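Trainee: My structure is below; once you've seen it, I'll send some questions.
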Amino acid sequence: MFTGIIEYVAKDFKIVGNTLEIKLPFSCNVGDSVAVNGICLTVKKVKGDIYYFDLGYETIEKTNIRKAKYLNIERALRVGDRLNGHFVLGHVDGVITFLERETMNSGMLYKFSMPKENYAIKRKGSISLNGISLTVANVSLDSFEVQVIPFTNENTNLKYLKIGDIVNYEIDVFARYRG
């Protein structure tokens, strides 16, 4: 389980076959869970500061892992840790499209296409986008917006998004079971 508070944006990574190789600035052990763009992956091997993860069929087919140029990284929540974001399982529901960005006095407003689980997208509700814990600011029939504070914008891969890019999403676990 994760919180959606990103620790690192990886720029140095590659996919070889069905294995993701990422250079990380912190240590993890074989068997640890790591959220990579919101996808819960397991460390299978470590060589120095390079970490290796298997990519299953579902991960390759239903996420942006093969298209992403920057990866948000978060280590798993430990029992007793503070929960600074919201409960994020790392079970990506699918991908949506980035539509537009608007600069505001208090940060940025990001607009995305509505996911198929539209029942779970409510104003002031939680959503995870590329593993980032965010609050839904506005909702329309075919899209929704999240307001992003400057710190989050600067310390995640959101700032690199271009119109039309696809983003992994995970609906809020509590909304999932209310739906």
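The values are calculated or read from the model by the stated rules, or taken from the named source; none is laboratory data. Computed from a prediction, not measured in an experiment: that's the story for all the values here. Glycine gets a Cβ as well: all are built from the backbone with ideal geometry, and neighbour counts include every protein chain shown.
Trainee: Can you pull out the residues in segment 9-24 that are touching a strand residue (DSSP E or B) at 6+ places or on another chain (Cβ under 7 Å) and basic (Lys, Arg)? Talk me through it step by step, then tell me what you get.
Mentor: Residues of segment 9-24 that are touching a strand residue (DSSP E or B) at 6+ places or on another chain (Cβ under 7 Å), as a first pass: 9-10, 12-14, 18-24.
Across segment 9-24, the qualifying residues are 14, 23.
Trainee: On to the next question. Residue 14: loosely packed, with under 12 Cβ neighbours inside 10 Å, without any contact (Cβ under 8 Å) to a residue 24 or more places away in the chain, closer than 22 Å to residue 162 by Cβ and not small (Gly, Ala, Ser), yes or no?
Mentor: Details: loosely packed, with under 12 Cβ neighbours inside 10 Å: yes; without any contact (Cβ under 8 Å) to a residue 24 or more places away in the chain: yes; closer than 22 Å to residue 162 by Cβ: yes; not small (Gly, Ala, Ser): yes.
So residue 14 passes the test.
Trainee: Consider residue 27 against the criteria (1) surrounded by fewer than 18 Cβ atoms within 10 Å (Cβ to Cβ); (2) among the polar types (S, T, N, Q); (3) assigned to a strand (DSSP E or B): it satisfies all of them except one. Which criterion is unmet?
Mentor: That leaves (3) as the condition not met.
Trainee: Against the condition touching an Asp or Glu at 6+ places or on another chain (Cβ under 9 Å), outside the structural domain of residue 28 (by TED's automatic domain parsing), surrounded by 11 or more Cβ atoms within 10 Å (Cβ to Cβ) and of a type in the set (Val, Ile, Thr), how does residue 166 come out, does it pass? Steps first, please.
Mentor: Values: touching an Asp or Glu at 6+ places or on another chain (Cβ under 9 Å): no; outside the structural domain of residue 28 (by TED's automatic domain parsing): yes; surrounded by 11 or more Cβ atoms within 10 Å (Cβ to Cβ): yes; of a type in the set (Val, Ile, Thr): yes.
The answer is no for residue 166.
Trainee: Also, I was wondering about something else. Scan segment 45-53 and tell me whether some residue there is part of a loop (DSSP other than H, G, I, E, B), small (Gly, Ala, Ser), loosely packed, with under 13 Cβ neighbours inside 10 Å and in contact with a strand residue (DSSP E or B) (Cβ under 7 Å, 6 or more places away or on another chain). Give the derivation first.
Mentor: As a first pass, look at segment 45-53 and keep what is part of a loop (DSSP other than H, G, I, E, B): 48-49.
If we keep only those that are small (Gly, Ala, Ser) as well, we get 48.
In the following step, the residues that additionally are loosely packed, with under 13 Cβ neighbours inside 10 Å were identified as 48.
When the remaining residues are screened for being in contact with a strand residue (DSSP E or B) (Cβ under 7 Å, 6 or more places away or on another chain), the result is none.
No, because not a single residue in segment 45-53 is part of a loop (DSSP other than H, G, I, E, B), small (Gly, Ala, Ser), loosely packed, with under 13 Cβ neighbours inside 10 Å and in contact with a strand residue (DSSP E or B) (Cβ under 7 Å, 6 or more places away or on another chain).
Trainee: Here is a follow-up. With the structure loaded, tell me whether residue 34 is within 27 Å of residue 164 (Cβ to Cβ) and either assigned by TED's automatic domain parsing to the domain that holds residue 113 or in a strand (DSSP E or B) (or both) or whether it fails that test. Even if it seems obvious, please write down each step before you answer.
Mentor: On the way: within 27 Å of residue 164 (Cβ to Cβ): no; either assigned by TED's automatic domain parsing to the domain that holds residue 113 or in a strand (DSSP E or B) (or both): yes.
Answer is no for this residue.
Trainee: Looking at segment 57-153, what strands (runs of 3 or more DSSP E) fall wholly within it and have at least 2 residues that are under 16 Å from the mean Cα position of the chain (by Cα) and over 15 Å from residue 175 (Cβ atoms)? I'd like the intermediate steps shown before the answer.
Mentor: Numbers: elements: 71-75, 94-104, 107-113, 126-129, 132-139, 143-148.
Hits in segment 57-153: 71-75, 94-104, 107-113, 143-148.
Trainee: Something else about it: Residue 2 passes all but one of (1) touching a Leu at 6+ places or on another chain (Cβ under 9 Å); (2) buried (at least 19 other Cβ atoms within 10 Å of the Cβ); (3) closer than 30 Å to residue 125 by Cβ; (4) at pLDDT 95 or above; which number fails?
Mentor: Tallying (1) touching a Leu at 6+ places or on another chain (Cβ under 9 Å); (2) buried (at least 19 other Cβ atoms within 10 Å of the Cβ); (3) closer than 30 Å to residue 125 by Cβ; (4) at pLDDT 95 or above, residue 2 fails exactly one: (4).
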